[in-house]
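Heads up, the thing below is written out as structure tokens.
What follows draws every value from the coordinates through simple rules; no lab data is involved. A quick note: this is a predicted structure, and the numbers were derived from the prediction, not measured. Here Cβ is always computed from backbone atoms with ideal geometry, including for glycine, and neighbour counts include all displayed protein chains.
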Amino acid sequence: MLIQLNKLHPAVKHAGYSATTLLPGEDPVAFEKLHQALTDEFTPVGALEEEIVADMARLTWRKQNLATFRIAELAEARRGQIVRQKVPEDSYFSDDPEPAERRERRRAAEEQARQELGDTYKLIDIGEPATINGLMKELAIKERLDGLISKCLKQLLMVRGVKSFSLASPSVPTPKISGPRQAS
């Protein structure tokens, strides 16, 4: 199935929505407050620590706001009901109504759903990021990337440890070379 970018929500085109960050309808001020609280608690130093705390904030937020996915699921179900009422399935397989009339019914159904669902319709608009399946895929990718980052970090720490060990340990004493021995 091909997805046309021009039909996606503008934020999706630019990777603005993610299942592990804010979704439409969620409170950005509350998220920022949570992120700040975690930053204050863990006082990250450096880019890597800041990224870890940001990940903790996103994952904690998602855990606290799992209901958003249920709301998206309910909104999609209601949209489906509206579409089925306005564009019955049997009309897809017959010559009646005309394709233009079918398109108009579909447009009217989407408009009704938009009006009825209000801001919640944005969750339908963004598609997979607002689904549990989308969250699971994103978490699997994140877990894989975190594993690779951890591997690199372990390698870096090992190399630093070896370097610090070799710099800190005294070298093997070498015998002093003195001038030629004199026979007595």
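Here's the picture: charge each Lys and Arg Cβ at +1 and each Asp and Glu Cβ at -1 in region 17-157, and of SER150, ASN133, ALA100 the one pushed furthest to the positive end of that dipole is SER150. Normalised by residue count, region 17-157 yields a Cα convex hull volume of 131 Å³ per residue.
For a modelled paramagnetic label at THR60, 7 Å from Cα along Cα-to-Cβ, the residues of region 21-41 in reach, with backbone nitrogen under 17 Å, are 21-22, 27-41. The string of couplings for region 149-166 from the Karplus curve (6.51, -1.76, 1.60, θ = phi - 60°) is 5, 4, 4, 5, 4, 4, 5, 4, 5, 5, 4, 5, x, 4, 5, 5, 5, 6 Hz, one whole number per residue in order, with x for Gly and Pro. Straightening the chain between LEU74 and GLN112 buys 12.1 nm, computed as 0.36 nm per residue apart minus the Cα-Cα spacing.
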